[in-house]
1. Report the calculated FRET efficiency for residue 303 and residue 262 (r = Cβ-Cβ distance, R0 = 22 Å), to the nearest 0.05.
2. Only counting other Cβ atoms within 10 Å, I'd like 105, 259 sorted with the fewest neighbours first.
3. In degrees, nearest 10, range 0 to 90: what is the angle between the Cα axis of helix 133-144 and the longest Cα principal axis of the chain?
4. Which lysines, on any chain, are close to residue 340 with Cα under 23 Å apart, when same-chain ones fewer than 8 places away are left out?
5. Of all GluC sites (Glu not before Pro) in the range 218-300, which ones are in loop regions per DSSP and have a Cβ with at most 12 other Cβ atoms within 10 Å?
6. Beyond a 32 Å Cα-Cα separation, which of these cross-linked pairs lie in this structure: 21/380; 190/285; 21/190?
7. Report the full-extension gain for the segment residue 285 to residue 401: residue separation times 0.36 nm, less the Cα-Cα distance, to one decimal in nm.
8. Placing unit charges on C-beta atoms (Lys and Arg positive, Asp and Glu negative, everything else neutral), compute the dipole magnitude of the range 246-388 about its Cα centre in debye, rounded to 20.
Amino acid sequence: MKSLANQRILLGITGGIAAYKSAELTRRLRDQGAEVRVVMTPAATEFITPLTLQALSGNPVHTDLLDHAAEAAMGHIELARWADTVVVAPATANFIARLSNGMADDLLSALCLATAAPLLVAPAMNQQMWQNPATQENVARLQARGITLLGPASGDQACGETGPGRLLEPDEIVPAIIAAGRTSRLAGVKVMVSAGPTREFIDPVRYLSNRSSGRMGYAVARAAEQSGASVTLVSGPVTLAPPARVRVVEVVSAAQMHDSVLAEARSCDIFISAAAVADYRSREKAPQKMKKRDAGISLSLEKTPDILAEVAALANPPFTVGFAAETENLARNAKQKLAKKNLDMVAANRVGDGLGFDSDRNALEVYWRDGSQSLGTASKELLARQLLEIIVARYREQTSEQSHKPAVTEVSD
Ligand code: C5P
């Protein structure tokens, strides 16, 4: 399976001779399933042409902060929000200095300031420039801000010198990008995620369903896996690539999803119910294709089992997270759901206006018993990571509370 499947990587290229390696890097990232958009500084275009990167990335290359046409197509803020990860390779000494000072005088530096995505920087420069205290101070400042440094390697340099400052090879950068997204915060924790729509057949060829793409649930499963959890994804019919190292159980109907989820709910620690389970199904399923008639027909619908509520009602339930897609009264409905289904957390999203179902982007309001947090509009990958941060914090708090509770002893008189 591809380790960067469905990941959106914004590759920044700055003006150094090592920029030629960015072409190969773009290919390798795409080989791993990533979608790549390239942003080049003007100096980078002196070393390698935007046309090369456009052909290899399959997307237009962005170079100019003040280009009206480019800004109209995908503005710098939109690009900053689009990215799940920003990688600058190669990063020159000058770019690192500008980044460390928070400059925003070209497209790439502005993007780096405007993005909430993790930022990875692969330096490439002459060994003296790398070892210069000014560069070392700048690099230390970047690291203190949580920016990940990839390399540099040591060895022969294009300038004829030998020492530290070589750009890592593309086949070293790709695994480093994959590894940079990984933590072990959920090591040993079993997470189950449900995702996608369900199909409720009314005859062998027709069904009731909804617009869910499954993207949010898949992104949550990937984020959980990247946090070191062992993840099972119970998925309705979708067209997405399965996330790497995640066990996928494919189901079609709400009844099948119910059985698959309940079969494992007792042995999992966290259940995140991102599936858009059909609320109703036809009371009867015709064994043969229903014939068209002149008159209209009526379907008699019955409720499907509420999987999430059943999991939350188990004697020893996992930490249970529900989703709520709402078109109105978001906060009230989400809080009601939290209480009524006895959940640990609800992630509510407003559907419509290009957000929510079948869309790349989303915004979430997350509620738990005594708190809430807003996650602003972003890609579903980034939101999933942010949501998982909140889940991990609340889950840890809950498990440490439970381990501090005095043991209950039965007293008989
Ligand atoms: O009550 P409502 O359908 O709005 O709740 C949405 C949440 O409940 C989602 O997390 C969804 O996955 C879950 N759900 C479920 N089984 C159903 C309907 C919804 O698990 N039959």
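Please treat every number below as a calculation from the coordinates, not as lab data. These numbers come from a predicted model, not from an experiment. Cβ coordinates were reconstructed from backbone atoms using ideal geometry, including for glycine residues, and neighbour counts include every protein chain displayed.
1. Numbers: r = 17 Å, r/R0 = 0.75.
Once rounded, the FRET efficiency stands at 0.85.
2. Values: 105 8, 259 14.
Result, fewest neighbours first: 105, 259.
3. Helix 133-144 sits roughly 0 degrees off the main axis of the chain.
4. Excluding near neighbours in sequence, the set is 303.
5. Working: sites: 225, 250, 264, 284; in loops: 284.
Loop-located and lightly packed - 284.
6. Details: 21/380 30 Å; 190/285 36 Å; 21/190 39 Å.
Where the Cα-Cα span goes over 32 Å, the pairs concerned are 190/285; 21/190.
7. Numbers: separation 116, 0.36 × 116 = 41.76 nm, distance 4.78 nm.
Length difference between fully extended and current span is 37.0 nm.
8. On the way: 20 positive and 19 negative charges, 87 e Å.
Here the range 246-388 has a charge dipole of around 420 debye.
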